[in-house]
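Report on the structure given below.
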Amino acid sequence: MPAPGSTERTRGRRIPENSVTETAALHHVLDAGLVAHVAVVDEIGQPFVLPVAYARRGEQVLFHGSTGSRLFRGLAAGQPTCLTVTLLDGLVLARSAFESSMNYRAVMVLGVATQLSGDDELDALACITEHLLPGRWLECRHPSAKERAATLTLALDLTECSVKIRTGDPDDDPADLVDPIYSRIWAGTVPLSESFGTPVRSDDCFADVEVPAYVARWRRS
């Protein structure tokens, strides 16, 4: 598989030092995210960006939508797309507004998605479920034939993609570091993190049904 950032369309030009070319980094970001955004242009040329649940399966990104969605039908029919995943790790406070930034991990994937069917689609749905809700597929009811018919499951190969990662302190203008006023402004990073809260039982859940052990083990890093 080509390395991230190795094509003309994905080569990093703006702040290229943040570009990462290791496939392991690509996998790490995709495996850490929960929501992707997928671009699609409709039949009259109007662009849309759709948030989707997703999962990585090998060198593919899997996601699904409704068969009733004209936008998803367009993707299934071969509409070129761009899928992105962004993880925000912190805010970076420089002495100036211009140099203030964010620490982040981001992936962009270009290509044409393929519609899945049969056992391959069922495996993809299991992968998405397990990525979002680890341990759940073994316990929950699997999709019925009617539910499968209402679901359009797509795979996008990771053959053309890019990875950008920013870490560390602000990159201040050197003049601000010696300015008698601006040099006295606090600078640094404010980390951001996600965490799961305490599970809340639904109103129609039997009181003697305990929170599954696999749910209690969920962590975000």
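The values are calculated or read from the model by the stated rules, or taken from the named source; none is laboratory data. Note that the structure is a prediction, hence the values are computed from the model and not measured. Glycine also receives a Cβ, built like all others from the backbone with ideal geometry; neighbour counts cover every protein chain displayed.
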- Query: over 19 Å from L158 (Cα atoms), in contact with a helix residue (DSSP H, G or I) (Cβ under 6 Å, 6 or more places away or on another chain) and of a type in the set (D, E, K, R), is that true of R56?
  - Reply: no
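Whether any residue in region 1-13 is buried (at least 16 other Cβ atoms within 10 Å of the Cβ) and under 13 Å from the mean Cα position of the chain (by Cα) is what I want to check.
No: region 1-13 contains no residue that is buried (at least 16 other Cβ atoms within 10 Å of the Cβ) and under 13 Å from the mean Cα position of the chain (by Cα).
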- If you scan region 168-192, which residues turn out to be more than 15 Å from N103 (Cβ to Cβ), of a type in the set (A, V, I, L, M) and surrounded by 13 or more Cβ atoms within 10 Å (Cβ to Cβ)? I185
- Any chance region 14-36 includes a residue that's modelled with pLDDT of 95 or more, within 25 Å of S193 (Cα to Cα) and in a strand (DSSP E or B)? yes
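Would you confirm whether or not region 151-164 contains a residue that is surrounded by 11 or more Cβ atoms within 10 Å (Cβ to Cβ) and farther than 30 Å from E8 by Cα? First the steps, then the outcome.
To start, the set of residues in region 151-164 that are surrounded by 11 or more Cβ atoms within 10 Å (Cβ to Cβ) comprises 151-164.
Add one more test, that the residue is farther than 30 Å from E8 by Cα, and what stays is 151-152.
Yes, that holds for at least one residue.
Has region 165-173 got any residue that is closer than 30 Å to P80 by Cβ, among the β-branched types (V, I, T) and under 25 Å from the mean Cα position of the chain (by Cα)?
There is at least one residue in region 165-173 that is closer than 30 Å to P80 by Cβ, among the β-branched types (V, I, T) and under 25 Å from the mean Cα position of the chain (by Cα).
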- Note on the structure: Pairing a residue in region 182-204 that is small (G, A, S) and part of a helix (DSSP H, G or I) with any residue that is at pLDDT 95 or above and surrounded by 11 or more Cβ atoms within 10 Å (Cβ to Cβ), where Cβ atoms lie under 6 Å and the two sit 6 or more apart in sequence or on different chains, gives S183/L177
- Task: Give me a count of the residues in region 58-85 that are in contact with a His (Cβ under 8 Å, 6 or more places away or on another chain) and among the hydroxyl-bearing types (S, T, Y).
- Result: 1
- Note on the structure: Across (1) β-branched (V, I, T); (2) closer than 21 Å to N103 by Cβ; (3) surrounded by fewer than 17 Cβ atoms within 10 Å (Cβ to Cβ); (4) under 17 Å from the mean Cα position of the chain (by Cα), T23 clears everything bar (2)
